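The structure appears below as structure tokens.
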Amino acid sequence: MTANTKRASSSGGGKRKSPLGTTSEVARRMIDTGLLAGAILLGALGIGVVGYHMLCGFHWLDALLNASMILGGMGPVDPITTTGGKWFASIYALVSGVILIGSAGVFFSPLIHQFLHKLHLDTKEPGPD
């Protein structure tokens with residue numbers, strides 16, 4: 001077997017033998033990705049609050065309520081009467097869905113990685129006969 005054949009048959013770049021992460025390591029990664037996902041959601045919420053306040057003329061609390069409801073996938077609460085506000089609300093609603101799903105992916109990535117790593121370790125590579 002040549003070096004190229006060995007390299008091609010062992011996917012993972014030689015990391016196949018690395019041990020599965022401990023529960024505490026996965027918990028630490030979950031905390032880290034949870035903080036990142038929370039920061040992404042807070043940033044998106046902040047953009048929504050400012051946009052609803054500036055472009056729709058909502059008071060700060062009403063802007064927070066509408067941005068929270070859109071970001072959470074529930075829909076707007078108050079009617080929007082300005083053209084700029086309608087444009088903003090349309091774009092914000094579309095982007096919010098992607099942000100919500102993306103931040104959930106960021107949050108759960110350590111668990112998914114651990115699961116896939118466990119499946120990868122469970123597979124046996126055929127040895128030379």
Please give the residues of region 92-117, grouped as numeric ranges, whose backbone N is less than 20 Å from a label point set 7 Å along the Cα-to-Cβ vector of Glu25.
107-117
Given 25 °C, 0.890 mPa s and a Kirkwood radius over Cα pairs, the Stokes-Einstein diffusion coefficient of region 24-122 in µm²/s is 166
Across region 69-80, in residue order, what do the Karplus-derived ³J(HN,Hα) couplings come to in whole Hz, using 6.51 cos²θ - 1.76 cosθ + 1.60 with θ = phi - 60° and x for Gly and Pro?
5, 5, 5, x, x, 8, x, x, 9, 9, x, 9
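Bear in mind these aren't lab numbers, they're just calculated from the coordinates by the rules spelled out. Keep in mind that this is a model prediction, so the values were computed, not measured. For neighbour counting, all protein chains shown are included, and Cβ atoms are generated from backbone atoms with ideal geometry for every residue, glycine included.
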